[in-house]
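Worksheet: one structure, shown below.
Quick note: the coordinates plus some simple rules give every number you see, no bench work behind them. This structure is a prediction, so every number in the text was calculated from the model and none was measured. Cβ atoms come from the backbone with ideal geometry, glycine included; neighbour counts cover every protein chain shown.
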Amino acid sequence: MRERQDLDPLILDLWAKTRSGRVFARKAVAEAFAGHPGLSIRDREVVVSTLYGMLGQARRIEHAWKAGSVGGPDDRAAGHAPTSRGLLLTYRLLTGALAVEQARRVLPGADWPAVLAADMALIDEADPVKRIGIRASLPDFLVERLLAEYGEETEALALALGEPPPPMLRVNTIWASREKVLGQFAKAGRPARPARYAETGIELASYENVFRLRPFAEGYIEWQDEGSQLVCRLVAPPPKGLVIDYCAGAGGKTLALSALMKNAGRLIALDVHEKRLAELRRRARRARVSNARTIRLPRADGIGRGEGEAESLAADLPATSSPSALRSSETSWPPALEALVGRADRVLVDVPCSGLGALRRKPEMRWRLKEEDLRRLPEEQCAIARKAMRLCAPGGRLIYATCTLLADENERVVEVLRAESGFELMPAKLILGKALAGPLTDPSGTFLKLLPHRQGCDGFFAAVLRRPKTR
């Protein structure tokens, strides 16, 4: 049987590639597994959980390792961020997977008690920016922004962004009930339970491969975070209406909307990336969705984020794109989409954003995000939403959504859109109902506001803007 340490070179290679900024972890892992077909499911779980854990705690483990390393030769890769075995051992030591004596046997030259002491000392650090920044492995500028908005909640929120997300499925209620799928998992010996808030959600005990089980083969389930499912619930699509997913990516929300529509009506998914739309169509066939079609948008529209990728807009827009360029491309839509202007009952615009609410899934974004991204994103988000508003029928609703935590990309964008468009802000509590809205919205019940340390799902924000009916 392969020992865990035999996986260390692969883990460190993936760490080097991802930490250097050359590639996202998801892509690096997929390529690595393709090159190592003999890895067992358990091996793959160890690699992924260790890599993502290290990425999510990068600043913390580098801080602690610096206190205990002796500055001697190690196996760091030339031209890359540190990739020494010491960092991997530090991660395991700080997470309780390794004892000091075990670490000392592997790397005797390091001062392992000093590594632990440096980490423990952070709890008593008086400067909240430094304390939270290192403990949660976030850049200082981001901690400052979070402190300004969340105050005493910031530390709990920041630490939750480094925890692994729970394995969450969405039941395809076109073809199966949640009770039926839970029964199938029980028969297969797989622990599963209903999601806390999403009526279509199922939480698993582990990420162990479910693709060979009957629920997946029959198109009964999809991977989807509970927060994403709740955003779709807020859309409240009319079953026989026209619904547009303006930033569809690979279609996670599109498929959820189809289920809410009972596979009826018309559902249009838009994106600038044909590869992602092709993946959406493949997933739709497996889910036996028949009410959805795709339309590819020109790149100038500036949208196109893969489902759950939580990329910043900087990763999606051409270098020459600007807010004015986005607004000037109003007539760039394909005729099939132009024909829908002013006709949609619902338009979901899940805009590309800083992705702070989904750092658990893309932990490397925490050091790739720049302050200038936070400054320019709101204007670009407004530009995208303005275009999507054109599609709303009188009385139709635009649902503005992000997976970020900052008011500049959330409430303030919504206020700009409301003020300049004449659209009416519709409280989320009127759509979700008082019982569900209570734990999921802001104190006024106006916005859907999900935070990982409160609800356990990814961080999401959503607001509903309704176009006034013509008199």
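Cβ under 10 Å from A28's Cβ, A28 left aside: what net charge do those residues give with Lys, Arg +1 and Asp, Glu -1? Can you show the working numbers first?
Values: positive: K17, R22, R26, K27; negative: D13, E31, E364.
Here the charged neighbours net out to +1.
Calculated from DSSP H runs of 4 or more alone, at -39500 (n - 2.57) each and per residue, what is the 222 nm mean residue ellipticity of the chain, nearest 500?
Working: 23 runs with 209 residues, N = 471.
So the helix-based figure for the chain works out to -12500 deg cm²/dmol.
State the antiparallel share, in %, of DSSP beta bridges confined to the chain, rounding to the nearest 5. Numbers along the way, then the final one.
Values: 22 of 40 bridges.
Close to 55 percent.
For an R0 of 45 angstrom, estimate the FRET efficiency from the Cβ-Cβ distance between E274 and E144 and round to the nearest 0.05. Each step should come with its number before you reach the end.
On the way: r = 40 Å, r/R0 = 0.89.
Result of the calculation: an efficiency of 0.70.
Residue by residue through the range 173-184, what is 3J(HN,Hα) from phi via Karplus (6.51 cos²θ - 1.76 cosθ + 1.60, θ = phi - 60°)? Round to whole Hz and write x for glycine and proline.
Residue by residue, the range 173-184 yields 6, 5, 10, 8, 8, 5, 4, 5, 5, 4, x, 5 Hz.
Dividing the convex hull volume of the Cα atoms of the range 109-159 by its residue count, what figure in Å³ per residue is obtained? Write out the running numbers ahead of the final one.
Values: hull volume 3.9 nm³, N = 51.
Considering the Cα atoms of the range 109-159, their hull volume per residue is 76 Å³.
Set Lys and Arg Cβ to +1 and Asp and Glu Cβ to -1, take the dipole of the chain about its Cα centre, and tell me which of A284, S49, F447 lies farthest positive.
A284
Can you tell me the 0 to 90 degree angle between the C-alpha axis of helix 112-121 and the longest principal axis of the chain, rounded to 10?
Helix 112-121 sits at roughly 40 degrees to that axis.
Dipole of the chain, Cα-centred, from +1 at each Lys and Arg C-beta and -1 at each Asp and Glu C-beta, to the nearest 20 debye? Intermediate results must be reported in sequence, preceding the final value.
Numbers: 72 positive and 58 negative charges, 436 e Å.
With only Lys, Arg, Asp and Glu charged at Cβ, the dipole is about 2100 debye.
Roughly how many Å is it from the Cα centre of the range 164-205 to that of the range 225-244, as a whole number?
19 Å
Computed from these coordinates, which is Kirkwood radius over Cα pairs in Å: (1) 23.5; (2) 28.3; (3) 24.1?
Correct label, based on the coordinates given: (1).
What is the calculated FRET efficiency for K240 to A121, with r their C-beta to C-beta distance and R₀ = 51 Å, to the nearest 0.05?
Details: r = 62 Å, r/R0 = 1.21.
Result of the calculation: an efficiency of 0.25.
Just to verify a number: FRET efficiency for R299 and E31, C-beta to C-beta distance, R0 = 25 Å, to 0.05?
0.45
Can you give the extra length, in nm with one decimal, that the chain gains between A435 and R196 once fully stretched, where that is 0.36 nm per residue apart less the Cα-Cα distance? Spell out each step's value before the answer.
Details: separation 239, 0.36 × 239 = 86.04 nm, distance 1.30 nm.
Between A435 and R196, full extension yields an extra 84.7 nm.
Multiplying the sequence separation of R105 and R376 by 0.36 nm and subtracting their Cα-Cα distance, what value in nm do you get?
Values: separation 271, 0.36 × 271 = 97.56 nm, distance 4.97 nm.
Full extension of this stretch gives 92.6 nm more.
Students often check this: by mean Cβ neighbours within 10 Å, which of 430-443, 238-251, 360-373 ranks highest, and how do the rest follow? The partial results should precede the final answer.
Details: 430-443: 14.5, 238-251: 23.2, 360-373: 18.3.
The packing order, highest mean first, is 238-251, 360-373, 430-443.
What distance in nm lies between label points placed 7 Å from Cα along the C-beta direction at K262 and D6?
It is 5.5 nm.
State the extension gain, in nm to one decimal, for the chain segment bounded by S206 and L425, taking 0.36 nm per residue of separation less the distance between their alpha-carbons. Walk me through the numbers before you get to the answer.
Values: separation 219, 0.36 × 219 = 78.84 nm, distance 3.95 nm.
Length gained between S206 and L425: 74.9 nm.
Any chance you could give the angle, 0 to 90 degrees and rounded to 10, that helix 371-389 forms with the longest Cα principal axis of the chain?
Its long axis makes an angle of about 20 degrees.
Take the Cα coordinates of the range 226-466, assign each an equal point scatterer, and use the Debye formula without solvent to give log10 I(q)/I(0) at q = 0.11, 0.16 Å⁻¹.
So the normalised log intensities are -0.50, -1.16.
Highest mean first, how do 110-119, 201-210 rank when packing is the count of other Cβ atoms within 10 Å averaged over residues? The partial results should precede the final answer.
Details: 110-119: 18.6, 201-210: 16.4.
In descending order of packing, they fall as 110-119, 201-210.
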